[in-house]
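> Dropping a structure here in structure tokens format, bear with me for questions.
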């Protein structure tokens, strides 16, 4: 909102220091008193500049008409309409339809500091700057992939080629085949882990206990060898080993591989002195359960799963509100259910903590059925609890879906923009090469 009424422009100069500017064909008369509020700006310097100093004037504007005493600028008039607001209202608001990055360049040309931007425009500008940084990083990654042959040493060329082969499925046919093989290995390993627990497919060992079928173990071993080889090659070819080791997806890969070798070590050691330890078998079973971590390796090969993960990160506030609503509802309705059901001789609600389970399955509309109310008031309380649960779960769904759609579309736009930027760079380099050839 404007704090003071905006003054009208005069039709002619009436005071010393007033100037006439022509911005892209739009002629405007500006007051010298207003321009002096920002003495370091370009317009303030023009108002203090004498018409008999053409050298200084030429450095401040594109052209000057001494007869009309008019300064010409080949700039965007729409952006200038926003710029001049700072002289009257001490703040600038970027109007819709104007690129914020281009507007910042306009502010730099008119020598106006970015601190005068409105708060909403600053946040919008920061988002655009982050997008430009992401585009620059994507362009840098694409250029690095294209510049494999420009590495200094043969070792560097091999390392870069191996990195592309293991991490960039779109870089070549071989890289795509490796990505597909890795994806299938994950699926096969997950299926084998599940199928091996079926009693009909298990065999008995020397002690008469059911263990995994040797065929399943063989398939599991082959898959783990593939995962190990893949992880070692990716680690060896990584340009930044520390960043590689601290990556979430690489940590998951390591956690999926590590239990296999720990179990193998415990099994080999258990054949001698450690066989007497009962905890060895329990440790082996616990480490076998950790094999389920390999299913998260699918996220490394699926952009959709990665987008879903990032969208959930951006929706932590909505998820936190959901958990808070559910937590309050669970506590209230479980306490009410315990109180109302105490009058029934065959009550299933023995304590409030035990009632938490009933409140959880009721508010989430699961209805397991092991605990249920038997009194009329308890049934009414149950009806209200699952209605409140449906509402509490449904409310944050739309913001979470919206965050996912926005982030997914943004990633698609950034990838397209990065590819276009690379194409423009290639066209410019080709044009420069043709000019040198003609010379």
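The values are calculated or read from the model by the stated rules, or taken from the named source; none is laboratory data. The model shown is predicted, which means the values in this text are computed figures rather than measured ones. Cβ placement follows ideal geometry from the backbone for every residue including glycine, while neighbour counts extend to all protein chains displayed.
> Here is a check on your reading of the model: is residue 197 on the phi < 0 side of the Ramachandran plot and assigned by TED's automatic domain parsing to the domain that holds residue 234?
Working: on the phi < 0 side of the Ramachandran plot: yes; assigned by TED's automatic domain parsing to the domain that holds residue 234: yes.
Taking the combined requirement at face value, the residue satisfies it.
> Hey, can you tell me all the residues within segment 100-114 that are touching a residue at least 40 places away in the same chain (Cβ under 8 Å) and under 15 Å from residue 61 (Cα atoms)? Full working, then the answer.
Going through segment 100-114, the residues touching a residue at least 40 places away in the same chain (Cβ under 8 Å) turn out to be 109-112.
109, 110, 111 - these are the residues of segment 100-114 that are touching a residue at least 40 places away in the same chain (Cβ under 8 Å) and under 15 Å from residue 61 (Cα atoms).
> Within segment 320-352, restricting attention to residues that are in contact with a helix residue (DSSP H, G or I) (Cβ under 7 Å, 6 or more places away or on another chain) and touching a residue at least 60 places away in the same chain (Cβ under 8 Å), which residue is farthest from residue 409 (Cα to Cα)?
If we take residues in segment 320-352 being in contact with a helix residue (DSSP H, G or I) (Cβ under 7 Å, 6 or more places away or on another chain) and touching a residue at least 60 places away in the same chain (Cβ under 8 Å), then 329 is farthest from residue 409 (Cα to Cα).
> Identify all residues within segment 62-97 that are in a loop (DSSP other than H, G, I, E, B), more than 14 Å from residue 117 (Cα to Cα) and under 35 Å from the mean Cα position of the chain (by Cα); write none if there are none. Show your work before the answer.
The first filter runs over segment 62-97 and keeps only residues in a loop (DSSP other than H, G, I, E, B), leaving 62, 66-69, 74-76, 84-85, 90-91, 93-97.
Now narrow it down to the ones that are more than 14 Å from residue 117 (Cα to Cα): 62, 66-69, 74-76, 96-97.
Answer for segment 62-97, where residues must be in a loop (DSSP other than H, G, I, E, B), more than 14 Å from residue 117 (Cα to Cα) and under 35 Å from the mean Cα position of the chain (by Cα): 76, 96, 97.
> Out of segment 9-23, which residues are in contact with a helix residue (DSSP H, G or I) (Cβ under 8 Å, 6 or more places away or on another chain) and modelled with pLDDT of 85 or more?
First, the residues of segment 9-23 that are in contact with a helix residue (DSSP H, G or I) (Cβ under 8 Å, 6 or more places away or on another chain): 15-19, 21, 23.
Hits for segment 9-23 are 21, 23.
> I'd like the residue in segment 58-96 that is touching a helix residue (DSSP H, G or I) at 6+ places or on another chain (Cβ under 7 Å) and surrounded by fewer than 17 Cβ atoms within 10 Å (Cβ to Cβ) and, out of all such residues, is farthest from residue 32 (Cα to Cα).
It comes out as 95.
> From 189, 171, grab the single residue that is crowded, with 16+ Cβ neighbours inside 10 Å and at pLDDT 80 or above. Let's see the steps before the verdict.
Values: 171 fails: at pLDDT 80 or above.
Exactly one residue qualifies, and that residue is 189.
> Going through segment 190-213 one residue at a time, which ones are under 23 Å from residue 258 (Cβ atoms) and without any contact (Cβ under 8 Å) to a residue 24 or more places away in the chain?
Within segment 190-213, the subset under 23 Å from residue 258 (Cβ atoms) is 190-197, 211-212.
Those that are under 23 Å from residue 258 (Cβ atoms) and without any contact (Cβ under 8 Å) to a residue 24 or more places away in the chain: 191, 194, 195, 197, 211, 212.
> Run residue 400 past the list (1) in the same structural domain as residue 330 (by TED's automatic domain parsing); (2) surrounded by 15 or more Cβ atoms within 10 Å (Cβ to Cβ); (3) modelled with pLDDT under 90; (4) under 30 Å from residue 313 (Cα atoms) and report the number of the one that doesn't hold.
(1)
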